[in-house]
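See below for the structure under consideration.
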Amino acid sequence: MRPLPILLFLTPLIAMYEVGSTLYLTDTETGVVRETIRAHALFARFFELFGVGGAMLPGVALVVVLLIWHVMGGFPWRVRPTTLLLMALEAAAWTLPLFVLGQAAELVALAAAESEGRPLGGLATIAIGAGLYEELLFRMVAIAAVHFVLVDLFKMKDSHGQMGAIVVAAIAFAVYHDEWTSNMVFFLAAGLYFGALYVYRGFGIVVAAHAFYDLIVLTL
């Protein structure tokens, strides 16, 4: 749950996304990114409003936020290697219920069909990026913002504000995926599931669980 273990746990994923984006999602002739996670693109456009650009900026911002959180929290600069291993195992375990839910909604087969014929490296990069930047947008940012409005401004009880923030972020997550059919129910359920994971098990776990799920569906 602390920022330093989360940072060390997610740094390989951030690096893999940046390398994969360069290798698989960027036009080699023009250097323009052909495809990216929409959440990543939204963060990039946000920084451009302040005159700051660069494809790697959202990843750098994520690292900086975790470092600032660590320093301001006064946490120790020590992390047990077993903690990172157990985080990976826990995230993998939390992936299974979501995979079963997706299988029941027939989205696993649909995603597999849509990804057929696409480069494996590109699919893996998209899966990792979705875990990182969709969770950054819809969990870390959205839940904090809605919680602030409900609890700090409207003086709602913390537990009620937390639950309300999870629900609002889940609705936004479902709308973000442009699914107005029966799939909307799946993405809403997934948003609630990820929201609960984020609140009770931390940002690192929910990012990895999201990335693991997408990796399984898109590549395996």
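Here are some notes:
- Identity of the residue in segment 111-120, outside any helix (DSSP H, G or I) and open to solvent by less than 90 Å² (accessible area, probe 1.4 Å), that ends up nearest to PHE194 (Cα to Cα): PRO119
- Hits in segment 197-220 - residues which are at pLDDT 95 or above, of a type in the set (A, V, I, L, M, F, W, C) and open to solvent by less than 40 Å² (accessible area, probe 1.4 Å): LEU197, VAL199, PHE203, ILE205, VAL206, VAL207, ALA208, ALA209, ALA211
- Residue in segment 1-15 that is under 23 Å from LEU215 (Cβ atoms) and in contact with a Ser or Thr (Cβ under 7 Å, 6 or more places away or on another chain) present: yes
- Being open to solvent by 80 Å² or more (accessible area, probe 1.4 Å) and either in a helix (DSSP H, G or I) or under 27 Å from LEU23 (Cβ atoms) (or both) is a description that applies to LEU96.
- Residue count for segment 18-42 satisfying the condition of being open to solvent by 20 Å² or more (accessible area, probe 1.4 Å), in contact with a Gly (Cβ under 8 Å, 6 or more places away or on another chain) and either aromatic (Phe, Trp, Tyr) or part of a loop (DSSP other than H, G, I, E, B) (or both): 3.
- Checked against (1) part of a helix (DSSP H, G or I); (2) within 22 Å of HIS177 (Cβ to Cβ), LEU85 passes all but a single condition, namely (2).
- Taking first residues from segment 1-14 that are under 15 Å from ILE68 (Cα atoms) and open to solvent by 70 Å² or more (accessible area, probe 1.4 Å) and partners that are of a type in the set (Gly, Ala, Ser) and in a helix (DSSP H, G or I), the Cβ contacts under 8 Å between residues at least 6 apart in sequence or on separate chains come to ARG2/GLY73.
- So VAL167, is it of a type in the set (A, V, I, L, M), open to solvent by 50 Å² or more (accessible area, probe 1.4 Å) and part of a helix (DSSP H, G or I): yes
- Residues in segment 99-125 that are out of contact with any helix residue (DSSP H, G or I) (no Cβ under 7 Å at 6 or more places or on another chain) and of a type in the set (A, V, I, L, M, F, W, C) were compared, and the one that is nearest to VAL207 (Cα to Cα) is VAL100.
- Of the numbered criteria (1) open to solvent by 40 Å² or more (accessible area, probe 1.4 Å); (2) modelled with pLDDT under 95, the one LEU123 fails is (1).
- Of the residues making up segment 174-196, those that are within 26 Å of LEU66 (Cβ to Cβ) and open to solvent by less than 20 Å² (accessible area, probe 1.4 Å) are ALA190, GLY191, PHE194, GLY195.
- Residues of segment 48-64 classified as assigned to a helix (DSSP H, G or I) and either surrounded by fewer than 16 Cβ atoms within 10 Å (Cβ to Cβ) or small (Gly, Ala, Ser) (or both), total: 6
- The listed residue being open to solvent by less than 40 Å² (accessible area, probe 1.4 Å), modelled with pLDDT of 95 or more and β-branched (Val, Ile, Thr), out of VAL108, VAL151: VAL151
The values are calculated or read from the model by the stated rules, or taken from the named source; none is laboratory data. None of these values were measured; they are calculated from a predicted model. Cβ coordinates were reconstructed from backbone atoms using ideal geometry, including for glycine residues, and neighbour counts include every protein chain displayed. Note: accessible area is taken over every heavy atom of the protein model, side chains too, but ligands, DNA and RNA are not part of it. Shrake-Rupley method; radii C 1.70, N 1.55, O 1.52, S 1.80 Å.
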